[in-house]
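A.B. asks: Before I ask anything, let me first share the structure, which is written out below as structure tokens.
Coordinate-derived values only; no laboratory data. In this text, all values refer to a predicted model and were calculated from it rather than measured experimentally. As a convention, Cβ positions derive from the backbone with ideal geometry for all residues, glycine included, and neighbour counts pool all protein chains shown.
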Amino acid sequence: MIEKVLGGQTETFHELIRPYERSVYLMALSLLHNEAEAEDAAQEAFIKAYRHLGKFRSDSRFSTWLIAIALNEARARLRRKQPQLTDSIDDTSENSPVPAQLTDWREIPSETLERKEVRSLVRSALDALPLAYREVFVLRELEERNVQETADALDITIASVKMRLHRARLMLQKQLAPQLKSAVPVSRRRFPWF
Amino acid sequence: MVLNCRHVWDYISGYLDNTLDASTRAHVEEHLAHCEICSAILDSTRNILILTADDRVFELPLGYSERLHARLTEAMLNVPPPEKDTDP
């Protein structure tokens, strides 16, 4: 399809990007925390992708290339809004977050996501992650990109992807486990694989 | 090798992603079998990952796709069509 667009069938670009509409929006939203701004950033990212399509190298995945454009667009907007924003992360530090230790809470049924306040708790916890961890978490867990693609999109090492993902997961567990425990009746049902 | 709880927390992601070597995985499982705190941490972390990945957490705004393609159509009229970059 890329060849078709570059060959002059520009309308094909609409079909080319359709599978990535959600990913690009989600990436922008996870950085900007504002739906209208995320939508605008996503549109702008797709327009930039169209303009620069000729520069796409087929040795990288199109989705990774698109996500990198969306990230750059969202980061630029974030810097304009918060020029003082620094989010330096020490990937070499050995201090990992300490998880919440609640032995009476294991499982929350996914049906509870029908409840607005539960969705809001989950979104707030994601929003509260430091930016560098949030980017990795969204790519790995929400976008289901593999470690290599995540490292490529963010231009960081595979070791950093793994470290940031691990810390993000423990931070979310620490933040969400106590909140969800009080938001949802305790279930003592165990996972079938234990 | 006997693992304490803090060691096990360091291995939680590797355990969930199944990237631990066989020996470490066996030691983690041995600890989990006897430690209610760590097995609850593992369960709750896994559960939270399932919840966060659910499409209902972040929903696309109504009309997002239509607005995107309308804006693209407009932009495509105003910019020259992309061409293959022949630079090495």
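A.B. asks: Using a 10 Å cut-off on Cβ to Cβ distances, tally the other chain neighbours for every residue of B:66-77 and report the average as a whole number.
C.D. replies: Taking all residues of B:66-77 together, the mean is 5.
A.B. asks: Based on the alpha-carbon gyration tensor of region A:2-82 and its eigenvalue square roots a ≥ b ≥ c, which shape applies: rounded if a/c is under 1.5, prolate if not and a/b is larger than b/c, or oblate?
C.D. replies: Prolate.
A.B. asks: While we're on this one: Compute the distance in nm between two label points, each set 7 Å from the Cα along the Cα-to-Cβ direction, one at A:Thr103 and one at B:His7.
C.D. replies: The two pseudo-label positions are separated by 2.1 nm.
A.B. asks: Here's something else I'd like to know. When Cβ neighbours within 10 Å are restricted to other protein chains, what is their mean count per residue of peptide A:129-140?
C.D. replies: That works out to 1 on average.
A.B. asks: Please give the charge dipole size of chain B, origin at the Cα centre, charges +1 on K and R Cβ atoms and -1 on D and E Cβ atoms. Round to the nearest 20 debye.
C.D. replies: Its charge dipole is roughly 160 debye.
A.B. asks: Normalised by the number of residues in chain B, what is the relative contact order in percent for Cα pairs under 8 Å and 6+ residues apart?
C.D. replies: RCO, chain B: 23 percent.
A.B. asks: Per residue of A:43-56, what is the mean number of Cβ atoms on other protein chains within 10 angstrom of that residue's Cβ?
C.D. replies: Partner Cβ neighbours, averaged per residue: 4.
A.B. asks: When the expected Rg is taken as 2.2 N^0.38 Å, what fraction or multiple of it is the alpha-carbon Rg of the protein assembly as shown?
C.D. replies: Normalised Cα radius of gyration, the protein assembly as shown: 1.12.
A.B. asks: If packing is taken as the average count of other Cβ atoms within 10 Å, what order do A:133-142, B:55-64, A:29-38, A:48-57 fall into, highest mean first?
C.D. replies: Averaged packing, sorted descending, gives the order A:133-142, A:29-38, A:48-57, B:55-64.
A.B. asks: For the pairs A:Lys116/A:Lys174; A:Lys4/A:Lys55; A:Lys48/A:Lys81; A:Lys55/A:Lys162, flag any whose C-alpha to C-alpha distance is greater than 18 Å.
C.D. replies: A:Lys116/A:Lys174; A:Lys48/A:Lys81; A:Lys55/A:Lys162
A.B. asks: Give me A:Glu21, B:Glu36 sorted ascending by neighbouring Cβ count inside 10 Å, so fewest comes first.
C.D. replies: Ordered by Cβ neighbours within 10 Å, fewest first: B:Glu36, A:Glu21.
A.B. asks: Continuing with this model, one more query. Order these by the 10 Å Cβ neighbour count, fewest first: A:Thr157, A:Thr10.
C.D. replies: In increasing order of surrounding Cβ atoms, one gets A:Thr157, A:Thr10.
A.B. asks: Rounded if a/c is under 1.5, else prolate if a/b is larger than b/c, else oblate: which is chain B, with a ≥ b ≥ c the root eigenvalues of its Cα gyration tensor?
C.D. replies: Note, shape of chain B comes out oblate.
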